[in-house]
1. Considering only residues that are of a type in the set (S, T, N, Q) and under 33 Å from the mean Cα position of the chain (by Cα), look in region 6-42 and name the one that is most open to solvent (accessible area, probe 1.4 Å).
2. In the set Ala60, Ala73, which member is open to solvent by 20 Å² or more (accessible area, probe 1.4 Å) and part of a helix (DSSP H, G or I)?
3. Taking the options Ala237, Ala230, Ala273, Ala210, name whichever one is within 27 Å of Ala144 (Cα to Cα), open to solvent by 40 Å² or more (accessible area, probe 1.4 Å) and modelled with pLDDT of 90 or more.
4. So which strands (runs of 3 or more DSSP E) stay within region 105-203 end to end and still have 1 or more residues that are more than 20 Å from Ala249 (Cα to Cα) and at pLDDT 90 or above?
5. Given (1) surrounded by 13 or more Cβ atoms within 10 Å (Cβ to Cβ); (2) touching a helix residue (DSSP H, G or I) at 6+ places or on another chain (Cβ under 8 Å); (3) modelled with pLDDT of 90 or more; (4) not aliphatic (A, V, I, L, M), where does Glu218 come up short, assuming only one miss?
6. In region 243-268, what residues are open to solvent by less than 20 Å² (accessible area, probe 1.4 Å) and under 19 Å from Thr98 (Cα atoms)?
7. Which one is nearest to the chain's Cα centre (by Cα) among residues in region 191-207 that are farther than 20 Å from Gly127 by Cα and open to solvent by less than 70 Å² (accessible area, probe 1.4 Å)?
8. In region 248-262, what residues are farther than 16 Å from Val231 by Cβ and at pLDDT below 90?
Amino acid sequence: MQLQQLQYFVAVAETRHFTHAAELVHVAQPSLSQQIKALERELGADLFLRARGNITLTDAGEALLPLARRILADADTARQEVQELVQLRRGRVRLGATPSLCTGLLPDVLRTFHDRYPGIRLMIEEGGSHDLVRELARGALDLALIVLPLPSPSPALTTREVLREDLVVVSSPDAPAPGRGGRVVHIADLERERLVMFRHGYDLRELTVAACRSAGFEPEFAVEGGEMDAVLGFVRAGLGVAVVPRMVATRAGLGLRVTPLARPGLDRVIALAHRSDVDPPRAARELQRMLLER
């Protein structure tokens, strides 16, 4: 079994088309087909059901696909590790983070990292914790900043706490102050507010809705489905209030009233995760050190 064969197999599995797959990996279609057939002979099983205009994976193909992706990702990581020459003059770091962390935590850390190692490419992927964990597992990311606890335990990951962050309520200064107009807002006060809510898959959405339900009510949404920047913009426009991390609210600048939540309030634990079975590349380890020591 050759890495090239696995690369061709994954290309066909993702495009469901031999010609398109050949174009994707820059090889002649007959050569790609021959390598796929050679792989099938070695494995002793067909990997694709071939019908005119319809290529589907067999059970054997379905079983091989996640393994092939991981093997290719590990090989790519090994190649990158070797190519990262002394003093981290070149290489890359593939970092996943939730959108609120891209807005709040990461800019200063990434600026410091880039100033120190200008030859390292920083590749950032935004997503919810669940999606980022999946990308880590398949080898598409070196590190990910995720929100704990995870919906389901993942023994294949190593996590280290980076920070514990308070959540606050943001509102438009032109609108009435949220809750009772005091210095703090109680979760129960949000029953009388219309919330600007993040899209499904946001950790902040799940945390806020769960807190409201624990307080005995179902929150009312004025707008829902936005990313972080959109949510802050809708709040500035006076459409409603939102629950966001304190760091995001602080960085958001003018146009927002920030009100703390009454004790015990709400907070979230941010952790840095990587696969347990593979050490991150050297450049990723250096970024990991910066994030943990910030």
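The values are calculated or read from the model by the stated rules, or taken from the named source; none is laboratory data. Predicted model, so just to flag it, every value in this text is computed and none were measured. A quick note on method: Cβ atoms are made from the backbone with ideal geometry, for glycine too, and the neighbour counts reach across all protein chains shown. For the accessible areas, the whole protein counts, side chains as well, though only heavy atoms, and no ligand, DNA or RNA atoms are used. Shrake-Rupley method; radii C 1.70, N 1.55, O 1.52, S 1.80 Å.
1. At the first step, the residues of region 6-42 found to be of a type in the set (S, T, N, Q) are 7, 15, 19, 29, 31, 33-35.
Then keep just the ones that are under 33 Å from the mean Cα position of the chain (by Cα); that gives 7, 15, 19.
Numbers: Gln7: 86, Thr15: 49, Thr19: 60 Å².
By that ranking, first place goes to Gln7.
2. Values: Ala73 fails: open to solvent by 20 Å² or more (accessible area, probe 1.4 Å).
Checking each option against the conditions leaves just Ala60.
3. Working: Ala237 fails: within 27 Å of Ala144 (Cα to Cα); Ala230 fails: open to solvent by 40 Å² or more (accessible area, probe 1.4 Å); Ala273 fails: open to solvent by 40 Å² or more (accessible area, probe 1.4 Å).
Just a single option satisfies the conditions, and that option is Ala210.
4. Numbers: elements: 120-126, 143-148, 157-171, 194-198.
Strands (runs of 3 or more DSSP E) meeting the threshold: 120-126, 143-148, 157-171.
5. Every listed condition holds for Glu218 apart from (1).
6. Val243, Val244, Pro245, Val248, Ala249, Arg268
7. Of all residues in region 191-207, those farther than 20 Å from Gly127 by Cα come to 191-195.
This time we only want the ones that are open to solvent by less than 70 Å² (accessible area, probe 1.4 Å), so: 193, 195.
Details: Glu193: 30, Leu195: 24 Å.
Checking each candidate, the answer is Leu195.
8. Leu254
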